[in-house]
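Chemist: For reference, the structure I am asking about is given below.
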Amino acid sequence: MHLVVLRFSAIGDVALTVPVIAQIKQTHPEVKITVVTRGFLKSLFSAVDVNFLEADLNGRHKGFKGIKKLHSDIKKLNPDKIIDLHGVLRTHILKRFFSLNRIPFFSIDKGREGKKELTRKENKIWKQQKHSTIRYADVFANAGFPINWKTESIPHLKYTNSKAEEVWAEIKTESTATVGIAPLTTFKGKTWPWEKVEELVQQLCDQQIQVVLFGGPGDKKILDKLTLNQTLVSNLAGKLPFDAEIALMKKLDAMVSMDSSNMHLATLAGIPVVSIWGATHTLAGFGPLGKNDHLIAEIPKEELDCRPCSVFGNKPCFRGDYACLNYLSSQSVLEKVILATKQKL
(Lines give C-alpha, C1' and ligand atoms only; values in the text may rest on other atoms or scores of the structure.)
Protein backbone atom coordinates (compact mmCIF):
# COMPACT_ATOMS: atom_id res chain seq x y z
CA MET A 1 0.00 0.00 0.00
CA HIS A 2 1.45 3.31 -1.11
CA LEU A 3 0.17 6.53 0.45
CA VAL A 4 1.07 9.95 -0.95
CA VAL A 5 0.80 12.70 1.67
CA LEU A 6 0.23 16.32 0.65
CA ARG A 7 1.13 19.28 2.90
CA PHE A 8 2.86 22.22 1.22
CA SER A 9 3.18 24.86 3.97
CA ALA A 10 3.64 26.50 6.51
CA ILE A 11 6.82 25.28 8.22
CA GLY A 12 5.14 24.63 11.58
CA ASP A 13 2.19 22.84 10.01
CA VAL A 14 4.49 20.64 7.94
CA ALA A 15 6.57 19.90 11.06
CA LEU A 16 3.42 18.71 12.81
CA THR A 17 2.90 16.05 10.15
CA VAL A 18 6.20 14.39 11.10
CA PRO A 19 5.24 12.72 14.42
CA VAL A 20 1.88 11.62 13.01
CA ILE A 21 3.55 10.02 9.99
CA ALA A 22 6.15 8.45 12.30
CA GLN A 23 3.38 6.79 14.30
CA ILE A 24 1.62 5.67 11.13
CA LYS A 25 4.86 3.93 10.13
CA GLN A 26 5.17 2.32 13.58
CA THR A 27 1.57 1.12 13.60
CA HIS A 28 1.40 0.15 9.92
CA PRO A 29 4.98 -0.79 8.94
CA GLU A 30 3.80 -2.33 5.68
CA VAL A 31 2.72 1.06 4.34
CA LYS A 32 4.96 2.99 1.98
CA ILE A 33 4.65 6.77 2.32
CA THR A 34 5.76 9.53 -0.02
CA VAL A 35 5.58 13.08 1.32
CA VAL A 36 4.93 15.87 -1.16
CA THR A 37 5.97 19.30 0.09
CA ARG A 38 8.38 22.14 -0.67
CA GLY A 39 11.97 21.11 -1.24
CA PHE A 40 13.52 23.14 1.59
CA LEU A 41 11.39 21.19 4.08
CA LYS A 42 12.81 17.80 3.11
CA SER A 43 15.20 17.54 6.07
CA LEU A 44 12.23 17.70 8.47
CA PHE A 45 11.50 14.12 7.46
CA SER A 46 15.03 12.75 7.91
CA ALA A 47 14.00 11.01 11.14
CA VAL A 48 11.14 9.13 9.46
CA ASP A 49 11.22 6.32 6.89
CA VAL A 50 9.47 8.06 4.00
CA ASN A 51 10.09 8.93 0.37
CA PHE A 52 9.99 12.53 -0.80
CA LEU A 53 8.71 14.43 -3.82
CA GLU A 54 9.38 18.15 -4.10
CA ALA A 55 6.42 20.41 -4.79
CA ASP A 56 8.09 23.17 -6.80
CA LEU A 57 5.30 25.70 -6.37
CA ASN A 58 7.34 28.61 -7.68
CA GLY A 59 8.59 26.76 -10.74
CA ARG A 60 7.48 23.52 -12.37
CA HIS A 61 4.31 23.22 -10.27
CA LYS A 62 3.24 26.90 -10.33
CA GLY A 63 -0.27 27.85 -11.42
CA PHE A 64 -2.95 25.67 -12.97
CA LYS A 65 -0.60 24.14 -15.52
CA GLY A 66 1.79 23.42 -12.68
CA ILE A 67 -0.94 21.62 -10.74
CA LYS A 68 -1.53 19.41 -13.78
CA LYS A 69 2.20 18.63 -13.84
CA LEU A 70 2.17 17.90 -10.10
CA HIS A 71 -0.73 15.52 -10.66
CA SER A 72 1.25 13.80 -13.40
CA ASP A 73 4.39 13.59 -11.22
CA ILE A 74 2.43 12.08 -8.34
CA LYS A 75 0.57 9.67 -10.61
CA LYS A 76 3.91 8.28 -11.84
CA LEU A 77 4.55 7.13 -8.25
CA ASN A 78 1.60 4.70 -8.56
CA PRO A 79 -0.13 5.75 -5.31
CA ASP A 80 -2.97 3.68 -3.89
CA LYS A 81 -4.41 6.57 -1.88
CA ILE A 82 -3.83 10.31 -1.54
CA ILE A 83 -3.76 11.86 1.95
CA ASP A 84 -4.46 15.61 1.79
CA LEU A 85 -3.34 17.26 5.05
CA HIS A 86 -3.54 20.78 3.62
CA GLY A 87 -7.05 21.35 2.27
CA VAL A 88 -6.40 24.35 -0.01
CA LEU A 89 -7.45 25.24 -3.56
CA ARG A 90 -4.42 23.47 -5.03
CA THR A 91 -5.25 20.18 -3.33
CA HIS A 92 -8.96 20.55 -4.16
CA ILE A 93 -8.01 20.74 -7.84
CA LEU A 94 -5.72 17.74 -7.44
CA LYS A 95 -8.66 15.85 -5.92
CA ARG A 96 -10.65 16.44 -9.13
CA PHE A 97 -7.79 15.13 -11.22
CA PHE A 98 -7.28 12.01 -9.10
CA SER A 99 -11.01 11.29 -9.11
CA LEU A 100 -10.70 10.83 -12.87
CA ASN A 101 -7.96 8.27 -12.19
CA ARG A 102 -10.19 6.61 -9.57
CA ILE A 103 -7.48 6.99 -6.95
CA PRO A 104 -9.08 7.50 -3.50
CA PHE A 105 -8.43 10.97 -2.10
CA PHE A 106 -8.88 11.81 1.60
CA SER A 107 -8.90 15.44 2.79
CA ILE A 108 -8.52 17.19 6.13
CA ASP A 109 -11.42 18.82 7.95
CA LYS A 110 -9.94 22.11 9.19
CA GLY A 111 -12.82 22.89 11.55
CA ARG A 112 -13.15 26.43 10.23
CA GLU A 113 -16.54 27.09 11.82
CA GLY A 114 -15.35 26.30 15.34
CA LYS A 115 -12.31 28.53 14.88
CA LYS A 116 -14.50 31.39 13.67
CA GLU A 117 -16.69 31.06 16.76
CA LEU A 118 -13.60 31.11 18.97
CA THR A 119 -12.00 34.20 17.42
CA ARG A 120 -15.01 36.44 16.74
CA LYS A 121 -15.26 39.72 18.66
CA GLU A 122 -18.62 39.13 20.35
CA ASN A 123 -20.14 36.00 21.94
CA LYS A 124 -17.05 33.84 21.64
CA ILE A 125 -17.51 30.13 22.10
CA TRP A 126 -14.64 29.05 24.31
CA LYS A 127 -14.23 25.49 23.13
CA GLN A 128 -11.06 23.49 22.56
CA GLN A 129 -10.72 22.77 18.86
CA LYS A 130 -9.05 19.60 17.66
CA HIS A 131 -5.28 19.86 17.56
CA SER A 132 -3.88 19.90 14.03
CA THR A 133 -2.15 16.58 14.62
CA ILE A 134 -5.48 15.00 15.62
CA ARG A 135 -6.98 16.31 12.39
CA TYR A 136 -4.05 14.77 10.50
CA ALA A 137 -4.55 11.44 12.28
CA ASP A 138 -8.26 11.58 11.41
CA VAL A 139 -7.45 11.76 7.70
CA PHE A 140 -5.27 8.66 7.93
CA ALA A 141 -7.99 6.90 9.92
CA ASN A 142 -10.59 7.74 7.27
CA ALA A 143 -8.24 6.22 4.71
CA GLY A 144 -8.10 3.01 6.73
CA PHE A 145 -4.97 3.59 8.82
CA PRO A 146 -5.98 4.46 12.41
CA ILE A 147 -3.42 5.18 15.13
CA ASN A 148 -3.62 5.70 18.89
CA TRP A 149 -2.63 9.36 18.75
CA LYS A 150 -2.06 11.45 21.88
CA THR A 151 -0.76 15.00 21.67
CA GLU A 152 0.99 14.79 25.05
CA SER A 153 3.01 11.71 24.09
CA ILE A 154 4.62 11.69 20.66
CA PRO A 155 7.06 9.22 19.05
CA HIS A 156 10.75 9.65 19.83
CA LEU A 157 12.41 11.03 16.71
CA LYS A 158 16.11 10.44 16.11
CA TYR A 159 17.43 13.56 14.46
CA THR A 160 21.19 13.49 13.96
CA ASN A 161 23.43 15.81 11.98
CA SER A 162 27.20 16.28 12.16
CA LYS A 163 26.82 20.00 11.51
CA ALA A 164 24.83 20.29 14.74
CA GLU A 165 27.68 18.69 16.66
CA GLU A 166 30.20 21.09 15.12
CA VAL A 167 28.14 24.18 15.90
CA TRP A 168 27.41 23.00 19.44
CA ALA A 169 31.13 22.55 20.10
CA GLU A 170 31.74 26.10 18.86
CA ILE A 171 29.05 27.86 20.91
CA LYS A 172 28.81 25.87 24.16
CA THR A 173 29.94 27.87 27.17
CA GLU A 174 30.20 27.29 30.89
CA SER A 175 26.71 28.03 32.19
CA THR A 176 24.06 26.79 34.58
CA ALA A 177 21.74 25.90 31.67
CA THR A 178 21.29 26.53 27.95
CA VAL A 179 18.03 27.94 26.62
CA GLY A 180 16.94 28.57 23.04
CA ILE A 181 14.88 31.64 22.14
CA ALA A 182 12.96 32.18 18.90
CA PRO A 183 11.41 35.65 19.38
CA LEU A 184 10.34 36.61 15.84
CA THR A 185 7.22 35.72 13.86
CA THR A 186 5.56 36.80 10.65
CA PHE A 187 2.60 38.56 12.28
CA LYS A 188 2.38 41.32 14.90
CA GLY A 189 -0.36 39.50 16.79
CA LYS A 190 2.08 36.73 17.66
CA THR A 191 5.22 38.78 18.32
CA TRP A 192 6.25 39.72 21.87
CA PRO A 193 7.55 43.33 22.10
CA TRP A 194 11.26 43.57 21.36
CA GLU A 195 12.10 45.36 24.61
CA LYS A 196 10.65 42.45 26.57
CA VAL A 197 12.75 40.00 24.58
CA GLU A 198 15.82 42.10 25.44
CA GLU A 199 14.83 42.07 29.11
CA LEU A 200 14.43 38.29 29.14
CA VAL A 201 17.81 37.73 27.46
CA GLN A 202 19.49 39.98 30.01
CA GLN A 203 17.71 38.27 32.91
CA LEU A 204 18.86 34.86 31.68
CA CYS A 205 22.44 36.04 31.23
CA ASP A 206 22.39 37.54 34.72
CA GLN A 207 21.64 34.05 36.01
CA GLN A 208 24.48 32.57 33.95
CA ILE A 209 22.09 30.85 31.56
CA GLN A 210 23.38 30.57 28.02
CA VAL A 211 21.03 31.78 25.26
CA VAL A 212 20.91 30.38 21.72
CA LEU A 213 18.84 32.39 19.22
CA PHE A 214 16.85 30.73 16.44
CA GLY A 215 15.13 32.12 13.36
CA GLY A 216 15.21 32.19 9.58
CA PRO A 217 17.95 33.69 7.38
CA GLY A 218 16.05 37.00 7.27
CA ASP A 219 16.07 37.22 11.08
CA LYS A 220 19.84 37.15 11.50
CA LYS A 221 20.47 40.91 11.37
CA ILE A 222 17.91 41.87 14.00
CA LEU A 223 18.80 38.94 16.28
CA ASP A 224 22.46 39.93 16.12
CA LYS A 225 21.49 42.94 18.26
CA LEU A 226 20.83 40.58 21.16
CA THR A 227 24.41 39.29 21.05
CA LEU A 228 26.07 42.69 21.57
CA ASN A 229 28.24 42.66 24.69
CA GLN A 230 26.79 39.28 25.66
CA THR A 231 29.28 36.41 25.85
CA LEU A 232 26.50 33.97 26.72
CA VAL A 233 24.37 34.68 23.62
CA SER A 234 24.80 32.99 20.22
CA ASN A 235 22.78 33.61 17.07
CA LEU A 236 22.09 30.56 14.85
CA ALA A 237 19.40 32.18 12.68
CA GLY A 238 19.55 30.69 9.18
CA LYS A 239 22.75 28.73 9.83
CA LEU A 240 21.40 25.18 9.94
CA PRO A 241 19.02 22.99 7.95
CA PHE A 242 15.97 21.84 9.88
CA ASP A 243 17.28 18.40 10.84
CA ALA A 244 20.50 19.91 12.22
CA GLU A 245 18.53 22.62 14.02
CA ILE A 246 16.35 20.00 15.73
CA ALA A 247 19.41 17.89 16.55
CA LEU A 248 21.00 20.92 18.22
CA MET A 249 17.77 21.76 20.07
CA LYS A 250 17.97 18.32 21.68
CA LYS A 251 21.03 19.58 23.58
CA LEU A 252 19.14 22.52 25.10
CA ASP A 253 17.52 22.51 28.51
CA ALA A 254 14.49 24.39 27.20
CA MET A 255 13.17 26.51 24.34
CA VAL A 256 11.30 29.82 24.46
CA SER A 257 9.18 30.49 21.39
CA MET A 258 6.26 32.49 20.15
CA ASP A 259 3.35 30.66 18.50
CA SER A 260 5.63 29.82 15.59
CA SER A 261 7.40 27.01 13.76
CA ASN A 262 10.27 26.91 16.25
CA MET A 263 7.82 25.93 18.97
CA HIS A 264 6.91 22.85 16.94
CA LEU A 265 10.53 22.08 15.99
CA ALA A 266 11.45 22.13 19.68
CA THR A 267 8.68 19.67 20.52
CA LEU A 268 10.07 17.35 17.84
CA ALA A 269 13.39 17.63 19.70
CA GLY A 270 11.60 16.47 22.86
CA ILE A 271 12.66 19.38 25.10
CA PRO A 272 10.50 21.56 27.41
CA VAL A 273 8.95 24.48 25.51
CA VAL A 274 7.88 27.80 27.03
CA SER A 275 5.45 29.20 24.46
CA ILE A 276 4.32 32.83 24.43
CA TRP A 277 0.78 33.56 23.22
CA GLY A 278 -0.85 36.85 22.28
CA ALA A 279 -3.65 37.26 19.74
CA THR A 280 -3.73 33.52 19.09
CA HIS A 281 -4.64 30.75 21.52
CA THR A 282 -3.98 27.05 22.07
CA LEU A 283 -7.77 26.51 21.95
CA ALA A 284 -7.53 26.92 18.16
CA GLY A 285 -5.60 23.64 17.99
CA PHE A 286 -2.03 24.74 17.35
CA GLY A 287 -0.52 24.39 20.82
CA PRO A 288 2.81 22.70 21.56
CA LEU A 289 2.91 18.93 21.60
CA GLY A 290 4.25 17.05 24.61
CA LYS A 291 3.71 17.89 28.27
CA ASN A 292 4.09 21.64 27.96
CA ASP A 293 0.71 23.05 28.99
CA HIS A 294 2.06 24.33 32.32
CA LEU A 295 4.76 26.27 30.44
CA ILE A 296 2.35 28.36 28.36
CA ALA A 297 2.88 32.11 28.96
CA GLU A 298 -0.21 34.23 28.33
CA ILE A 299 -2.57 36.77 29.84
CA PRO A 300 -5.40 34.69 31.39
CA LYS A 301 -8.97 34.92 30.11
CA GLU A 302 -10.11 36.40 33.44
CA GLU A 303 -7.90 39.43 32.80
CA LEU A 304 -8.33 39.76 29.03
CA ASP A 305 -11.29 38.06 27.37
CA CYS A 306 -10.90 39.61 23.89
CA ARG A 307 -8.33 37.00 22.88
CA PRO A 308 -8.07 35.05 20.76
CA CYS A 309 -8.95 37.52 18.02
CA SER A 310 -7.23 35.57 15.25
CA VAL A 311 -6.33 32.02 14.31
CA PHE A 312 -2.99 33.04 12.81
CA GLY A 313 -2.26 36.41 14.43
CA ASN A 314 -2.67 38.28 11.15
CA LYS A 315 -5.72 40.43 11.99
CA PRO A 316 -5.82 43.89 13.63
CA CYS A 317 -6.14 43.94 17.41
CA PHE A 318 -9.75 44.44 18.57
CA ARG A 319 -8.54 46.87 21.27
CA GLY A 320 -5.81 48.44 19.17
CA ASP A 321 -3.13 48.13 21.86
CA TYR A 322 -2.10 44.45 21.71
CA ALA A 323 -2.50 44.19 25.47
CA CYS A 324 -2.22 40.42 25.18
CA LEU A 325 1.47 40.84 24.33
CA ASN A 326 2.36 44.19 25.86
CA TYR A 327 1.05 43.25 29.31
CA LEU A 328 2.97 39.97 29.48
CA SER A 329 6.05 40.68 31.61
CA SER A 330 9.52 39.27 31.06
CA GLN A 331 9.57 38.23 34.73
CA SER A 332 6.54 35.98 34.27
CA VAL A 333 8.18 34.33 31.27
CA LEU A 334 11.49 34.02 33.13
CA GLU A 335 9.78 32.10 35.92
CA LYS A 336 8.45 29.57 33.44
CA VAL A 337 11.87 29.27 31.79
CA ILE A 338 13.51 28.51 35.14
CA LEU A 339 10.81 25.90 35.79
CA ALA A 340 11.39 24.38 32.36
CA THR A 341 15.15 24.07 32.82
CA LYS A 342 14.58 22.02 35.98
CA GLN A 343 12.33 19.42 34.41
CA LYS A 344 12.80 16.53 32.03
CA LEU A 345 10.05 15.53 29.65
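The values are calculated or read from the model by the stated rules, or taken from the named source; none is laboratory data. Source: prediction; values computed, not measured. Cβ placement follows ideal geometry from the backbone for every residue including glycine, while neighbour counts extend to all protein chains displayed. Side chains included, ligands, DNA and RNA excluded: accessible areas come from the protein's heavy atoms. Shrake-Rupley method; radii C 1.70, N 1.55, O 1.52, S 1.80 Å.
Chemist: For region 1-134, which semi-axes, largest first and in whole Å, follow from the square roots of 5 times the eigenvalues of its Cα gyration tensor?
Modeler: Details: eigenvalues 139, 72, 44 Å².
Values for region 1-134, descending: 26, 19, 15 Å.
Chemist: Next up: Between residue 228 and residue 51, what's the calculated FRET efficiency when r is the beta-carbon distance and R0 is 41 Å? Round to 0.05. If you can, show how the numbers build up before the last one.
Modeler: Working: r = 45 Å, r/R0 = 1.10.
That pair, residue 228 with residue 51, gives E of 0.35.
Chemist: As a test question: what accessible area, to the nearest 10 Å², does residue 122 have when a 1.4 Å probe is rolled over all protein chains in place?
Modeler: About 120 Å², rounded to the nearest 10.
Chemist: Another question, if that's okay. Could you size up the charge dipole of region 54-139 around its Cα centre, putting +1 on the beta carbon of Lys and Arg and -1 on that of Asp and Glu, and report it in debye to the nearest 20?
Modeler: Dipole magnitude for region 54-139 comes out near 300 debye.
Chemist: For the pair residue 89/residue 188, report the inter-label distance in nm, with labels modelled 7 Å from Cα in the Cβ direction.
Modeler: That separation, rounded to one decimal, is 2.7 nm.
Chemist: Going by average Cβ neighbours within 10 Å, how do the peptides 322-332, 130-140 rank, with the highest at the top?
Modeler: Details: 322-332: 17.6, 130-140: 20.5.
Packing order, densest peptide first, comes out as 130-140, 322-332.
Chemist: Can you pull out the GluC sites (Glu not before Pro) in region 246-321 whose DSSP state is coil and whose Cβ has at most 14 other Cβ atoms within 10 Å?
Modeler: On the way: sites: 298, 302, 303; in loops: 298, 302, 303.
Passing both the DSSP loop test and the Cβ count: 302, 303.
Chemist: If you don't mind, another one. Rounded to a whole number, what is D in µm²/s for region 286-345 from Stokes-Einstein with the Kirkwood radius over alpha-carbon pairs (10 °C, 1.306 mPa s)?
Modeler: Values: Rh = 13.3 Å.
Approximately 120 µm²/s, per Stokes-Einstein.
Chemist: Further question: Among 289, 43, 343, which residue has its Cα positioned farthest towards the positive end of the charge dipole of the chain, with +1 placed on the Cβ of Lys and Arg, -1 on the Cβ of Asp and Glu, and the dipole taken about the Cα centre?
Modeler: 43
Chemist: Using 0.36 nm times the number of residues separating residue 170 and residue 342, minus their current alpha carbon distance, what extension gain do you get?
Modeler: On the way: separation 172, 0.36 × 172 = 61.92 nm, distance 2.46 nm.
59.5 nm is the gain from fully extending residue 170 to residue 342.
Chemist: About its Cα centre, how strong a charge dipole does region 50-202 have in debye, to the nearest 20, once Lys and Arg get +1 and Asp and Glu get -1 at the Cβ? Kindly include the intermediate steps, with their values, before the conclusion.
Modeler: Working: 29 positive and 18 negative charges, 254 e Å.
Once rounded to the nearest 20, the dipole reads 1220 debye.
Chemist: Along the charge dipole of the chain, Cβ charges K/R +1 and D/E -1, which of 249, 132, 91 sits furthest on the positive end?
Modeler: 91
Chemist: If you don't mind, another one. What accessible area per residue, rounded to a whole number of Å², is obtained for region 240-345 using a probe radius of 1.4 Å? Provide the component values of the computation, followed by the final result.
Modeler: Values: 3740 Å² over 106 residues.
Averaged over the residues of region 240-345, the accessible area is 35 Å².
Chemist: While we're on this one: Over region 79-126, what is the relative contact order in whole percent, taking alpha-carbon pairs under 8 Å and six or more residues apart? Don't jump to the answer; show the numbers that get you there.
Modeler: Numbers: 37 pairs, mean separation 18.0, N = 48.
Over region 79-126, the number comes to 38 percent.
Chemist: Taking just the C-alpha trace of region 220-345, give me its Rg and Dmax in Å.
Modeler: Values for region 220-345 (Cα only, Rg and Dmax): 15.3, 41 Å.
Chemist: Can you give the Kirkwood hydrodynamic radius for region 197-246, in Å, rounded to one decimal and based on Cα pairs?
Modeler: Numbers: mean 1/r = 0.0887 Å⁻¹.
About 11.3 Å, per the Kirkwood formula over Cα pairs.
Chemist: Can I ask one more? Against the 2.2 N^0.38 Å scaling, with N counting residues, where does the chain land? I'd like the Cα-based Rg ratio to two decimal places.
Modeler: Values: Rg = 20.5 Å, N = 345, 2.2 N^0.38 = 20.3 Å.
Against the empirical 2.2 N^0.38 Å value, I get 1.01 for the chain.
Chemist: Here is a follow-up. Express the accessible area of region 55-209 per residue in Å², computed with a 1.4 Å probe while the remaining protein chains stay in the model. Walk me through the intermediate numbers first.
Modeler: Details: 8580 Å² over 155 residues.
That works out to 55 Å² per residue.
Chemist: Considering only protein heavy atoms, what is the solvent-accessible area of residue 46 at a probe of 1.4 Å, reported in Å² to the nearest 10?
Modeler: 70 Å²
Chemist: Based on the Kirkwood radius over alpha-carbon pairs, what is the Stokes-Einstein translational diffusion coefficient of region 102-216 at 20 °C with 1.002 mPa s viscosity, in µm²/s? Don't skip to the end; give the middle numbers.
Modeler: Details: Rh = 19.1 Å.
Reported coefficient: 112 µm²/s.
Chemist: So, one more: With N set to the residue count of region 45-124, report its C-alpha Rg divided by 2.2 N^0.38 Å to two decimal places. Write down the numbers at each step before the final one.
Modeler: Working: Rg = 16.1 Å, N = 80, 2.2 N^0.38 = 11.6 Å.
Expressed relative to 2.2 N^0.38 Å, the Cα Rg reads 1.38.
Chemist: Could you check how much of the accessible area of region 156-216 is carbon and sulfur, as a whole percent, using a 1.4 Å probe? Don't jump to the answer; show the numbers that get you there.
Modeler: Working: 1370 of 2910 Å².
Result for region 156-216: 47 percent of the exposed heavy-atom area is carbon or sulfur.
Chemist: Ok, one more. Stick to Cα atoms and the Kirkwood definition of Rh, then tell me Rg/Rh for region 1-61. Write down the numbers at each step before the final one.
Modeler: On the way: Rg = 11.3 Å, Rh = 11.8 Å.
Answer for region 1-61: 0.96.
Chemist: Can you check how the C-alpha radius of gyration of region 251-318 compares to 2.2 N^0.38 Å, as a plain ratio? Write down the numbers at each step before the final one.
Modeler: Details: Rg = 12.3 Å, N = 68, 2.2 N^0.38 = 10.9 Å.
Working it through for region 251-318, the quotient is 1.12.
Chemist: Follow-up question, since we're still on this one. With +1 assigned to the C-beta of every Lys and Arg and -1 to the C-beta of every Asp and Glu, and no other charges, what is the dipole magnitude of region 105-156 about the Cα centre in debye, to the nearest 20? Intermediate values should be presented prior to the final figure.
Modeler: Values: 11 positive and 6 negative charges, 60 e Å.
Here the size comes out at about 280 debye.
Chemist: Same structure, new question: What is region 1-149's relative contact order, in percent, from Cα pairs under 8 angstrom and six or more apart in sequence?
Modeler: Values: 207 pairs, mean separation 38.0, N = 149.
Relative contact order, region 1-149: 25 percent.
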